[in-house]
Amino acid sequence: MSASGIVFKDITKRYGSDPSAPLAVKGISFEVPRGTLTTILGPSGCGKTTTLRMIAGLETPTSGQILIAGQDVTTLGPAQRNVSMMFQSYALFPHMDVLENVMYGLRMSGVAKDSARSRAVEALRNVGLVGFDDRLPSELSGGQQQRVALARALVLEPAVLLFDEPLSNLDARLRREMREEIRTLQQRLQLTVAYVTHDQSEALAVSDQIIVMDGGLIAQSGTPQDLYEYPQTEFVAGFMGEAMLFPARADASGTVSLGPLRITPRQTMAEGAVKVAVRPEAWHIGPPGVGLAARLAKAAYLGSNYEYTFETELGAIFVVSPDLTHVLQPGSDVGLSLADHGVSVVADAG
């Protein structure tokens, strides 16, 4: 058995037969190691759902090779791949009770009724649904329906489990609970998971690896920390969290000047124009006369923090401050400086 769950080698995908039609996916290669969770992240139309559908066998690549658990599955249909997919809509059968919904795939593949039943009960126990066997989907909450769909996918013991925006129909609190649940289950059962979302915080919370896609290409891949702390491009810096991008210059020594502030980039930069990506939590608010002169224009209280907008020589700057005891009033003058984290320098794509 290969240590790789999923391998993509130079995969392209064009819709339709016209060779001049644009490629939805433009020659991407990546690997999802067995027993890990990889999130494919990006804005609408970046190619992430097409990529997931190619893993599932619902789309065939125009060129390239796909391996699952060491087997070449490039030309195999969904039924011939050991893959389960969970959609946003859960797609539960409304006329079947919970247990029948979970048993359905096993019964379809010829598993005897008693064996299918005991496996379905175990799958429901795994997702924390005991005592719901004879309820109908309409009698369940959104989170419970989500768990039934998860149990139905898990009961087939797939080599690979796929999630397509699985939490987008849930409210914020339930989304956080389900996201933790999926991650815990994935780690406990050592599942190989490919997960598609456009939600950065969801991706950061559940992933071993994040692949950020932009325009059919992989913009960057790595651990959640790599992508958040060390974005390599303007696009990734702006997409992972709410980084603001400032035009700046690197001098001959590689030091970057951002107004009065000096930044030493983590990677060597050539002399010339660069962009500095700064996350809202990376600004330190200090007394006036230190760092970048700033005047508070707007303040908003969000319970666990304050959101401030300051006017500065660099333009408006958005700052998130956890300090709830020293609250600033609009019109206050302060000095802004930068923390070591949450600041990155990227090449100027302009």
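The values are calculated or read from the model by the stated rules, or taken from the named source; none is laboratory data. Keep in mind that what you see is a predicted model, and the values were worked out from it rather than measured. Positions of Cβ are generated from backbone atoms using ideal geometry, with glycine treated the same way; all protein chains shown enter the neighbour counts.
Identification of strands (runs of 3 or more DSSP E) wholly contained in the stretch 235-317 with 2 or more residues that are farther than 29 Å from residue 219 by Cβ yields 283-286, 292-301, 306-312. Sub-8 Å Cβ pairs linking a first residue in the stretch 259-280 that is closer than 12 Å to residue 345 by Cβ to a second residue that is among the small types (Gly, Ala, Ser) and exposed (fewer than 12 other Cβ atoms within 10 Å of the Cβ), at least 6 apart or interchain, are 273/350; 275/349, ordered by first then second residue. In the set (1) in contact (Cβ under 8 Å) with a residue 24 or more places away in the chain; (2) among the hydrophobic types (A, V, I, L, M, F, W, C); (3) buried (at least 21 other Cβ atoms within 10 Å of the Cβ), residue 217 fails one condition alone, (3).
Taking only pairs six or more apart or across chains, which ones have beta-carbon atoms under 9 Å, a first residue in the stretch 75-98 that is in the same structural domain as residue 195 (by TED's automatic domain parsing), and a second residue that is surrounded by fewer than 17 Cβ atoms within 10 Å (Cβ to Cβ) and of a type in the set (Val, Ile, Thr)? Cβ pairs passing all conditions: 75/60; 77/60. Beta carbons closer than 7 Å, at least 6 apart along the sequence or on distinct chains, pair a first residue in the stretch 319-343 that is closer than 12 Å to residue 308 by Cα with a second that is acidic (Asp, Glu) for 320/281; 320/307.
Pairs under 6 Å by beta carbon, first residue closer than 15 Å to residue 209 by Cα in the stretch 180-191, partner part of a helix (DSSP H, G or I) and among the β-branched types (Val, Ile, Thr), six or more apart or different chains? The qualifying pairs are 183/206. Restrict the check to the stretch 22-35 and report whether at least one residue is surrounded by fewer than 20 Cβ atoms within 10 Å (Cβ to Cβ), under 20 Å from residue 182 (Cα atoms) and in contact with a helix residue (DSSP H, G or I) (Cβ under 9 Å, 6 or more places away or on another chain). Within the stretch 22-35 (the criterion being surrounded by fewer than 20 Cβ atoms within 10 Å (Cβ to Cβ), under 20 Å from residue 182 (Cα atoms) and in contact with a helix residue (DSSP H, G or I) (Cβ under 9 Å, 6 or more places away or on another chain)), the answer is yes, since at least one residue qualifies. The set of residues in the stretch 75-129 that are in contact with a strand residue (DSSP E or B) (Cβ under 6 Å, 6 or more places away or on another chain) and surrounded by fewer than 17 Cβ atoms within 10 Å (Cβ to Cβ) contains only 87. Filtered by the rule that a residue be outside any helix (DSSP H, G or I), touching a residue at least 60 places away in the same chain (Cβ under 8 Å) and in contact with a helix residue (DSSP H, G or I) (Cβ under 8 Å, 6 or more places away or on another chain), the stretch 41-74 gives 41, 42, 43, 66, 68.
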